[in-house]
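Trainee: One structure, pasted below without further comment.
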Amino acid sequence: MMHDKTGLIHLAEIMSQRGYHHLVISPGSRNAPIVTVFANRPEFKCYTIVDERSAAFFALGMAQQLGQPVTVACTSGSAVLNYAPAVAEALYQRSPLLVLTADRPVEWVDQGDGQTIRQRDAFGPHVKCSVELPQAPHTNDDLWYNDRLISKAMNALLQPIPGPVHINLPFSEPLYGFDHRMETSPKDFQLLQPEALLGRDIQIELTEIWTKSNKKLILVGQHSPDKHLEKLLALLAQRQDVVVLTETTSNVFDSAFISCIDRCLAVTQEKEQFRPDLLITLGGPIVSKRVKSFLRKSAIKVHINLDVADPEMDTYQKLTHALKVPPVLALAFFAEQAEAAQSNFSVLWKQASSCGKTLHKTFLESHPYSDLTIFNKIVKIVPAHFNLQLANSTPVRYAQLFDWPFRHRFDANRGTSGIDGSVSTAAGAAMVSGQPTLLISGDLGFLYDSNGLWNKHLPAHLKIIVINNAGGGIFRFIEGPEKTGFLEPFFEARHLQSAEFIAKAFGVTYFSASDAVTLEAVLPLFFETEGSTCLLEIHSPPEESGRIIRSYFSYLSSS
């Protein structure tokens, strides 16, 4: 028998058939139909997290590792809006986050009823698709429309690239005790993507561009691990006319790549001979502000951006060719082309990179305890089998200055680069991957998302390092804020907070260090401790850390 929750039951069936089995649910009454429908089906794995903002980032971390859709579901009202930061991050990080929001009946919107806001299209342009299912389907046509909307939303989750989707579900009472049996079969349809090809005319033009370019620079942004991509890039990086620049979050590794971009650019002093005539970009956002400035100031003849969804993105203001194909397709084509007859472009960059590595080591040996030297100790001790989550502001930037001894998987919320959600994202990633995971965070980022520890699914193999420099150390890392006269009260947000009692409140094993000696002693114990989530709080000197990082770049540039 058809009733007003039949559309929801069809949604669950379509999700089941597509294999989308992970749901993160926050408690509420209006979403009771969602809870009971999914929790009563054994194929769905449901997780409960009270804080909706944390829940959404937890699901984002899961989707990041699984590479498949993960669902979040909440009650009506302001609960919905708490999803917004994670939804925006999912859009720009290209993670398939399915957002289910329970809603009040449409006739009660703007009528002074409790927990009733304008939920339809609540996330605006920050979702790939937003639909509202029929409130009370009564006919076969109603169900056909209901299922069509679901299929449309499901297809948008992954095609042509992954991203967030919003399904709003208005529910009338009763919210409990309805018939869960599915007496009608849902109708689903798949979106088929044609295989991308490089047409003959495009091949001719690309060959001509490649042949005429003696200085080719390939810049790889944020990317999930991809062995095929890595192999192609490594092949190209062997050539004398090609340089491949990567960051930790590029997740491609080879000894021929230039991986410490800021360090290397400081050594080159951005001289003319290091500027490319052909720039090829792929992947998501780049961390390095220095390389953005360097490329924007370069007289680049051709810039080709490779992207199946947004090839027209012009980060470096040099775009000449937007190529809407998978990057591996274009790179495979370039790998078949001839190498330039004479070019020292690769040699120049590799010499600068080697010089930077030597200067980096010398500088660290002669400077005292600070954020930079703290990172140096962390990099050396992280076990090979750990995944890394890098919080925004200084941690993700410091990570780019070091040659990590092992091939870790690196993830960071660099879609929008916000301070929020780093703890929750790391927890979700660690939980679903089953891999030991280390989050490195600053103090403000950790405090902002400390509710990420309010989570009964917190995995014992998650370890968190909080570098506490008593405020926003990023504003001593970047130029400008200290010249305003308002650095401490408005930019740094100086504080005396500690992570100790937050950790203890949530049953997290706590360690601390305040100098180089205690840090050397506690780091091995921190990584060896098993059986519970562990947090190491490292107190560092803010003024000294700011002075040393500025001295570091001056030293690299002047040597």
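Trainee: Within the bounds of the range 317-339, is there any residue that is over 18 Å from T207 (Cβ atoms), in contact with a Ser or Thr (Cβ under 8 Å, 6 or more places away or on another chain) and not assigned by TED's automatic domain parsing to the domain that holds L158?
Mentor: Within the range 317-339, one or more residues are over 18 Å from T207 (Cβ atoms), in contact with a Ser or Thr (Cβ under 8 Å, 6 or more places away or on another chain) and not assigned by TED's automatic domain parsing to the domain that holds L158.
Trainee: Every residue in the range 223-249 that is of a type in the set (S, T, Y) and crowded, with 24+ Cβ neighbours inside 10 Å, please.
Mentor: Initially, the range 223-249 is screened for residues of a type in the set (S, T, Y), giving 224, 246, 248-249.
Selection gives T246, T249.
Trainee: For the range 375-403, enumerate the residues that are closer than 20 Å to E528 by Cα and outside any helix (DSSP H, G or I).
Mentor: Listed by number, the residues that qualify are V382, P383, A384, H385, F386, N387, L388, Q389.
Trainee: Something else: Would you kindly identify the strands (runs of 3 or more DSSP E) lying entirely within the range 85-183 that contain at least 1 residues that are of a type in the set (D, E) and either touching a Pro at 6+ places or on another chain (Cβ under 9 Å) or closer than 30 Å to I419 by Cβ (or both)?
Mentor: Details: elements: 97-103, 129-132, 165-170.
The strands (runs of 3 or more DSSP E) meeting that bar are 97-103, 129-132.
Trainee: Does the range 191-213 include one or more residues that are assigned by TED's automatic domain parsing to the domain that holds E339, under 25 Å from the mean Cα position of the chain (by Cα) and without any contact (Cβ under 8 Å) to a residue 24 or more places away in the chain?
Mentor: No; the residues of the range 191-213 include none that is assigned by TED's automatic domain parsing to the domain that holds E339, under 25 Å from the mean Cα position of the chain (by Cα) and without any contact (Cβ under 8 Å) to a residue 24 or more places away in the chain.
Trainee: Where residues in the range 287-306 are of a type outside the set (S, T, N, Q) and touching a residue at least 40 places away in the same chain (Cβ under 8 Å), which of them is surrounded by the fewest Cβ atoms within 10 Å (Cβ to Cβ)?
Mentor: Let us first name the residues in the range 287-306 that are of a type outside the set (S, T, N, Q), namely 287, 289-292, 294-297, 299-304, 306.
Narrowing further to those that are touching a residue at least 40 places away in the same chain (Cβ under 8 Å): 287, 289, 291, 295, 301-302, 304.
Details: V287: 24, K289: 12, V291: 22, L295: 24, K301: 15, V302: 19, I304: 21.
Filtering the range 287-306 for residues that are of a type outside the set (S, T, N, Q) and touching a residue at least 40 places away in the same chain (Cβ under 8 Å), the one surrounded by the fewest Cβ atoms within 10 Å (Cβ to Cβ) comes out as K289.
Trainee: Being in the same structural domain as V328 (by TED's automatic domain parsing), aliphatic (A, V, I, L, M) and in contact with a strand residue (DSSP E or B) (Cβ under 7 Å, 6 or more places away or on another chain): is that true of V243 here? Even if it seems obvious, please write down each step before you answer.
Mentor: Details: in the same structural domain as V328 (by TED's automatic domain parsing): yes; aliphatic (A, V, I, L, M): yes; in contact with a strand residue (DSSP E or B) (Cβ under 7 Å, 6 or more places away or on another chain): yes.
Yes: the conditions hold for V243.
Trainee: Follow-up. Can you spot a residue in the range 153-170 that is farther than 28 Å from R94 by Cβ and more than 33 Å from the chain's Cα centre (by Cα)?
Mentor: To start, the set of residues in the range 153-170 that are farther than 28 Å from R94 by Cβ comprises 170.
Subsequent filtering for residues that are more than 33 Å from the chain's Cα centre (by Cα) retains none.
Within the range 153-170, none of the residues are farther than 28 Å from R94 by Cβ and more than 33 Å from the chain's Cα centre (by Cα).
Trainee: For the range 51-68, give me each residue that is of a type in the set (S, T, N, Q), over 12 Å from the mean Cα position of the chain (by Cα) and more than 10 Å from V24 (Cβ to Cβ).
Mentor: Pass one, the range 51-68, residues of a type in the set (S, T, N, Q): 54, 64-65, 68.
Next, only the ones that are over 12 Å from the mean Cα position of the chain (by Cα) stay: 54, 68.
Of everything in the range 51-68, just one residue is of a type in the set (S, T, N, Q), over 12 Å from the mean Cα position of the chain (by Cα) and more than 10 Å from V24 (Cβ to Cβ), namely Q68.
Trainee: If I filter the range 34-50 for residues that are under 30 Å from P225 (Cβ atoms) and basic (K, R), do I get at least one hit?
Mentor: The answer is yes, given that some residue of the range 34-50 is under 30 Å from P225 (Cβ atoms) and basic (K, R).
Trainee: If the requirement is being touching a residue at least 24 places away in the same chain (Cβ under 8 Å), buried (at least 22 other Cβ atoms within 10 Å of the Cβ), closer than 22 Å to A412 by Cβ and aliphatic (A, V, I, L, M), which of these qualifies: V165, V220?
Mentor: Numbers: V165 fails: closer than 22 Å to A412 by Cβ.
Unique residue meeting the criteria: V220.
Trainee: From the residues in the range 351-376 that are charged (D, E, K, R) and surrounded by fewer than 17 Cβ atoms within 10 Å (Cβ to Cβ), which one is nearest to S417 (Cα to Cα)? Working first, answer last.
Mentor: Here is the first cut: in the range 351-376, the residues charged (D, E, K, R) are 357, 361, 365, 371.
Restricting the remaining residues to those that are surrounded by fewer than 17 Cβ atoms within 10 Å (Cβ to Cβ) gives 357, 361, 365.
Details: K357: 27, K361: 29, E365: 32 Å.
The qualifying residue nearest to S417 (Cα to Cα) is K357.
The values are calculated or read from the model by the stated rules, or taken from the named source; none is laboratory data. Just so we're clear, the structure is a prediction, and the values are computed from it rather than from any experiment. For neighbour counting, all protein chains shown are included, and Cβ atoms are generated from backbone atoms with ideal geometry for every residue, glycine included.
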